[in-house]
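The values are calculated or read from the model by the stated rules, or taken from the named source; none is laboratory data. This one's a predicted model, so the numbers in the text were calculated from it and none came from an experiment. Heads up, the Cβs are rebuilt from the backbone with ideal geometry, glycines too, and the neighbour counts pull from every protein chain shown. These accessible areas exclude ligands, DNA and RNA; they are computed on the full protein's heavy atoms, side chains included. Shrake-Rupley method; radii C 1.70, N 1.55, O 1.52, S 1.80 Å.
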Amino acid sequence: YKYLSRNYYIILTRNDTHLSTYLVSVGNKIATGKWGFWGHALMNLEDTTTPDIDTDFQLVEATGTGVHYSGFFDVFYCDSVCLLRPKGFTHAEWVKIMDKCKTELGKPYDNLMELRNDQQINCVELVRIALQTLPDYETRFANLERMIQEHGYNLTPDMLRDCPDFDVILEIRN
């Protein structure tokens, strides 16, 4: 709560009891040759520095129901969490990517995991699409794009975690 009330993050979560966590893990194994750990990615978009834990958190995510807002406990009732920040990000850049996330609300979920089609979006695609609004995306996230290309044009939550374009601010693994 304290981290999210002070700053914006890319958030990775893992729910040990969710089948989707294991499917994403297998997808990471197929894409990268390593079993994945993280099952989901999302971002927080709070407009206040003192959000009420029950009502004010704006966590935007893409799940089976599409791109939508979720509450704090909907997201953080999980087994593990990781908070990432792109290196050298300014507040103005966060505002720009938050505004892009808001335009994606309501889009359907991408069950086929097609990075090249933004008419349907999965969780990691939402993060990437938001980051791509920055004019210098290609240079600032060159490592991420290289990883995507090297792994057959795939992107997984573990690839975000392992990418040197991001700083790990907090990681709690159960």
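A quick yes/no check of all residues on (1) farther than 17 Å from Val60 by Cα; (2) aliphatic (A, V, I, L, M):
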position: Gly106; (1), (2): no, no
position: Val127; (1), (2): no, yes
position: Tyr137; (1), (2): yes, no
position: Gln149; (1), (2): yes, no
- Task: Give the residues of the stretch 61-79 that are in contact with a Phe, Trp or Tyr (Cβ under 7 Å, 6 or more places away or on another chain), over 17 Å from Leu155 (Cβ atoms) and open to solvent by less than 50 Å² (accessible area, probe 1.4 Å), sorted by residue number.
- Result: Gly66, Gly71, Phe72
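From the list Cys101, Cys82, which residue is touching a strand residue (DSSP E or B) at 6+ places or on another chain (Cβ under 9 Å) and over 17 Å from Thr156 (Cβ atoms)? Give the steps one after another, and end with the answer.
Numbers: Cys82 fails: over 17 Å from Thr156 (Cβ atoms).
Checking each option against the conditions leaves just Cys101.
Quick check, is Leu134 at pLDDT 95 or above and either surrounded by 17 or more Cβ atoms within 10 Å (Cβ to Cβ) or touching a strand residue (DSSP E or B) at 6+ places or on another chain (Cβ under 8 Å) (or both)? Steps first, please.
Details: at pLDDT 95 or above: no; either surrounded by 17 or more Cβ atoms within 10 Å (Cβ to Cβ) or touching a strand residue (DSSP E or B) at 6+ places or on another chain (Cβ under 8 Å) (or both): yes.
When the stated conditions are applied, Leu134 does not pass them.
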- Could you please tell me which pairs satisfy a Cβ distance under 7 Å, a separation of 6+ or placement on different chains, a first residue in the stretch 39-59 that is at pLDDT 75 or above, and a second residue that is open to solvent by 50 Å² or more (accessible area, probe 1.4 Å) and not in a loop (DSSP other than H, G, I, E, B)? Gly39/Ser20; Gln58/Tyr69; Leu59/Tyr69
- Message: For the stretch 142-156: of the residues being in contact with a helix residue (DSSP H, G or I) (Cβ under 6 Å, 6 or more places away or on another chain) and crowded, with 19+ Cβ neighbours inside 10 Å, which is nearest to Lys87 (Cα to Cα)?
- Response: Met147
